[in-house]
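Engineer: One structure follows; several queries about it will come next.
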Amino acid sequence: MKKIDLYCEGDCWNPKSWSATPYELSTTMKKFESLNNTYNIYPFENENFVYHHLHNLPYLRIDKQGIYSLRKFYPSYYKKSQKKALELYESNPKPDSIITMGHIAIFDQTPYFTLQDLDINIVIKWKEEKKTTYMFDRFPVPLLKKSEQFQQEVFEKAAGIFVSSEWIKNNICSYINEPQKVVVTGIGHRYSTIQLTKEMLVTRFENPVLIFIGRDGIRKGVDIVIEAFKQVKSELKNIKLKIVTSPDQLPKHAKKLINNLPDIELYNNVVPEKLAEMYINSSLFVMPSRFEPFGKVFLEAMAFGLPVIGANSCAMSEFIIDDYNGYTPSANPEEVGEKIKEVFKSFEKYKMFSKNAIIMSDKYTEENVVKKMLSVIDDHLS
């Protein structure tokens, strides 16, 4: 069995980190006995509190939305992370191959594969076209281009590039010298698909419960969902909505709508076990995201047999097929509301959507995604 090192920014073994992807990847690779070691190459991990914040000062900016840091997009950040990565590499047993979570380091002596859920080149294109990403809008294009230069160097020297979607693959293939090394693997999710029963489906259909999950609420369309929910209540009178997000990031108008609608429940910081329970007791997942690098949460929801509504942009139409497992309308309340009503038009349609959601989700379990990565690495090393 080939031994593979995993490099990421942060502790791979922390299930409560902002993104659970490193934790899910490391635990699954360990299960397959392919994991050699994991390394945290965040360059400022061991700084004390005072030094950390003093050092951050040159990278901080202030605008009407508050204070934010530009540190990660400066060349000095990549130099520090590269230096730390090579120090760890030189002082530890050598693996057969390496996976990096994102474009964080270059290794010249061992084949490495980089896992990407987004491409900075896409972000730059959106900004130059005056389109809002709700993620990088405060970062100047010249600074993003400096980060893009390092990303492209990582890509050119990598043995392979694992990407979340065809959307990302097509963009990367348009500018690198070896497009054949870009492989779509998806981003795996943690949940096993459930067994659907008729009783469960009838309950979900007759007592509709919508669920929205997204920390960056406005980027992911929480305001659109609330407005759409308000519109469909006149026809689906017993419908309810659960929202899992960061309440402090919601604008005032969204908070006001939530407070004025009695059938909306708002949650924050939900642990995976509780989240699974919420999925089980919901009927439809709705997240018409305005900008979505991939959208692993859609696949999580589908693992519980939930039809899904996303939006007709980015990668969402790759795993949300209209009239198969859900819909991808435009990100506006009227269209989203119409598609919510469409899902609940007939029980037979709802049952079909739910079964197809299970089928789609199963393709993106962490085990299946890791198997694909390991197969590509094995082929390269053979």
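The values are calculated or read from the model by the stated rules, or taken from the named source; none is laboratory data. Quick caveat: nothing in here was measured; it's all calculated off a predicted structure. FYI the Cβ positions are ideal-geometry reconstructions off the backbone, even for glycines, and counts take in every protein chain you see.
Engineer: Being of a type in the set (D, E, K, R), touching a residue at least 40 places away in the same chain (Cβ under 8 Å), farther than 17 Å from A357 by Cβ and not in a helix (DSSP H, G or I) narrows it down to one of E227, E235, so name that one.
Structural biologist: E235
Engineer: Could you pull out the residue among S317, S330 that is assigned to a helix (DSSP H, G or I) and without any contact (Cβ under 8 Å) to a residue 60 or more places away in the chain?
Structural biologist: S317
Engineer: Do we have V182 as within 23 Å of the chain's Cα centre (by Cα), touching a residue at least 24 places away in the same chain (Cβ under 8 Å) and under 23 Å from I4 (Cβ atoms) here?
Structural biologist: Criteria not met by V182.
Engineer: Residues that are out of contact with any Gly (no Cβ under 8 Å at 6 or more places or on another chain), over 13 Å from G221 (Cβ atoms), part of a helix (DSSP H, G or I) and free of Cβ contacts under 8 Å to residues at least 40 places away in the same chain: does the stretch 295-302 have at least one?
Structural biologist: no
Engineer: Related question: Among I172, I176, which is the only one that is in contact with an Asp or Glu (Cβ under 8 Å, 6 or more places away or on another chain), surrounded by 18 or more Cβ atoms within 10 Å (Cβ to Cβ) and without any contact (Cβ under 8 Å) to a residue 60 or more places away in the chain?
Structural biologist: Numbers: I176 fails: surrounded by 18 or more Cβ atoms within 10 Å (Cβ to Cβ).
Among I172, I176, only I172 is in contact with an Asp or Glu (Cβ under 8 Å, 6 or more places away or on another chain), surrounded by 18 or more Cβ atoms within 10 Å (Cβ to Cβ) and without any contact (Cβ under 8 Å) to a residue 60 or more places away in the chain.
Engineer: Right, next: Got a sec? Which of E128, E166, E148 is in the same structural domain as P22 (by TED's automatic domain parsing) and over 23 Å from the mean Cα position of the chain (by Cα)?
Structural biologist: Values: E166 fails: over 23 Å from the mean Cα position of the chain (by Cα); E148 fails: over 23 Å from the mean Cα position of the chain (by Cα).
The unique qualifying residue is E128.
Engineer: Next up: Right, Y112: surrounded by fewer than 20 Cβ atoms within 10 Å (Cβ to Cβ) and touching a residue at least 12 places away in the same chain (Cβ under 8 Å) or not? Spell out the reasoning first.
Structural biologist: Working: surrounded by fewer than 20 Cβ atoms within 10 Å (Cβ to Cβ): no; touching a residue at least 12 places away in the same chain (Cβ under 8 Å): yes.
Here the answer is no, as Y112 does not meet what is asked.
Engineer: Can you name every residue in the stretch 131-145 that is over 22 Å from the mean Cα position of the chain (by Cα) and either under 13 Å from V182 (Cα atoms) or assigned to a helix (DSSP H, G or I) (or both)?
Structural biologist: Those that are over 22 Å from the mean Cα position of the chain (by Cα) and either under 13 Å from V182 (Cα atoms) or assigned to a helix (DSSP H, G or I) (or both): V141, P142, L143, K145.
Engineer: Out of the stretch 161-209, which residues are touching a Ser or Thr at 6+ places or on another chain (Cβ under 8 Å) and in a strand (DSSP E or B)?
Structural biologist: Correct list: I161, F162, V163, V184, H189, V209.
Engineer: Kindly indicate whether any position in the stretch 254-262 is at pLDDT below 95, in the same structural domain as K345 (by TED's automatic domain parsing) and assigned to a loop (DSSP other than H, G, I, E, B).
Structural biologist: Yes.
Engineer: Moving to a separate point now. Restricting the search to the stretch 247-275, which residues are over 21 Å from G337 (Cα atoms), among the hydrophobic types (A, V, I, L, M, F, W, C) and surrounded by fewer than 18 Cβ atoms within 10 Å (Cβ to Cβ)?
Structural biologist: V270, V271
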